[in-house]
Amino acid sequence: MTSKVDEGAGTAEALGYEQARDELIEVVRRLEAGGTTLEESLALWERGEELAKVCRRWLDGARARLDAALAEEEAAEGDAE
């Protein structure tokens, strides 16, 4: 069984947020459409889980950067007073 899921397996960590999100959308679309074997559905599900983790890490990292920037700005404002 060779599919887009198999070809992308193991490379999720190297994906950017938008790439992971777009592939996750495609995985969900394929699962919702049905018509796949149990084995294909399980592979899609596993790939979706990997992609969701990648997206979460990107979003967590973005949140941390925003929080750090806001804290830095507040500290600078406090020093200026």
Can you tell me which residues in the stretch 51-67 are open to solvent by 60 Å² or more (accessible area, probe 1.4 Å) and out of contact with any Phe, Trp or Tyr (no Cβ under 6 Å at 6 or more places or on another chain)? LYS53, ARG56, ARG57, LEU59, ASP60, ARG63, ARG65, LEU66, ASP67
Of the criteria (1) in contact with a Leu (Cβ under 9 Å, 6 or more places away or on another chain); (2) more than 18 Å from TYR17 (Cβ to Cβ); (3) touching a residue at least 40 places away in the same chain (Cβ under 8 Å), which one SER41 fails: (3)
Residue hits (the stretch 10-46; under 13 Å from ARG57 (Cα atoms), open to solvent by 60 Å² or more (accessible area, probe 1.4 Å) and either at pLDDT below 95 or touching a strand residue (DSSP E or B) at 6+ places or on another chain (Cβ under 9 Å) (or both)) are GLU13, ALA14
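The values are calculated or read from the model by the stated rules, or taken from the named source; none is laboratory data. No experiment lies behind these values; they were computed from the predicted model shown. Here the Cβ is made from the backbone with ideal geometry for all residues, glycine too, and neighbour counts use every protein chain on show. These accessible areas exclude ligands, DNA and RNA; they are computed on the full protein's heavy atoms, side chains included. Shrake-Rupley method; radii C 1.70, N 1.55, O 1.52, S 1.80 Å.
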